[in-house]
Amino acid sequence: SLGTTVKSVQVLSRAGDLSGVAMGTVEQATKDLTRRLSQAATGTGPAVEALKRLNLTAGDLLAMPLDARVEAINAAILDFVPAAQQAAVAGQLFGEEGSIAMSRIDPATLRQAARDVEDFGVVVSELDADNIESANDAVSRLGLVATGLGNSLAAAAAPGIEQLATGFADLWRKGAPLASALDL
């Protein structure tokens, strides 16, 4: 839905970690960015003016992976917008809530994050990501099977367990034969 790659999301996630920005904040800001760029591509929305100030086009940005979009926007903000106006311009693109957080993910941080995901083998191909998702779904399904089996076994065994517990309790009560034999 964000028109990007798995690697791009991994880079943004790492950049968020490096910058102290929660992934939920990155997700919301990039959703807002994608929606606003789509609007700007048709000449509407709050991003139109910001893109003009940054010498960027919605079409060019939408053709990039998401991490490259963020890097291009943040670099342009630093290059073309006075410091006192940067938050406002970022807000037109990332939304008011996400603008400050996304400004912390500067181009240098994104480059470091890209190196990290490559160097540490975090990057997976789209096919691998699909396979991982399928495996996660299968593990989740196994969890449901185990829960269902546990529930069925518990329901089937409940009467016997209850009789066993009642029997032991009856034997152990004061005055019962076992309790009397042990002189309790």
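The values are calculated or read from the model by the stated rules, or taken from the named source; none is laboratory data. Everything numeric in this text was worked out from a predicted model, so none of it was measured. For accessibility, only protein heavy atoms count, side chains too; no ligands or nucleic acids. Shrake-Rupley method; radii C 1.70, N 1.55, O 1.52, S 1.80 Å.
Setting aside same-chain residues fewer than 8 positions from K52, which aspartates and glutamates have a Cα under 14 Å from its Cα?
Filter leaves D60, D79.
Could you work out what % of the accessible surface of the stretch 56-111 is carbon and sulfur, using a 1.4 angstrom probe and leaving DNA, RNA and ligands out of the count?
Of all accessible area on the stretch 56-111, carbon and sulfur atoms account for 57 percent.
Relative contact order (percent) for the stretch 33-184, with alpha-carbon contacts under 8 angstrom and 6 or more residues of separation?
Normalised by residue count, the contact order of the stretch 33-184 is 14 percent.
In a Gaussian network model over the chain where Cα atoms closer than 10 Å are linked, find which of T30, T147, T57 has the largest mean-square fluctuation.
T147
Have a look at L153, L33, L110 and tell me which one the Gaussian network model of the chain (Cα, springs below 10 Å) gives the largest fluctuation.
Judging by the Gaussian network model, the answer is L153.
Dimensions of the stretch 45-139 along principal axes (Cα, Å, largest first)?
Result, largest extent first: 49, 29, 24 Å.
Here are several values of P(r) over Cα pairs in 10 Å bins from 0, in percent: [x] 11, 39, 35, 14, 2, 0; [y] 8, 28, 35, 22, 6, 1, 0; [z] 9, 26, 20, 11, 8, 7, 8, 7, 3, 0. Which one was derived from the coordinates shown?
Label of the calculated value: [z].
When ligands, DNA and RNA are left out and all protein chains stay put, how many square angstrom of accessible area per residue does the stretch 5-146 have with a 1.4 Å probe?
I get 53 Å² per residue for the stretch 5-146.
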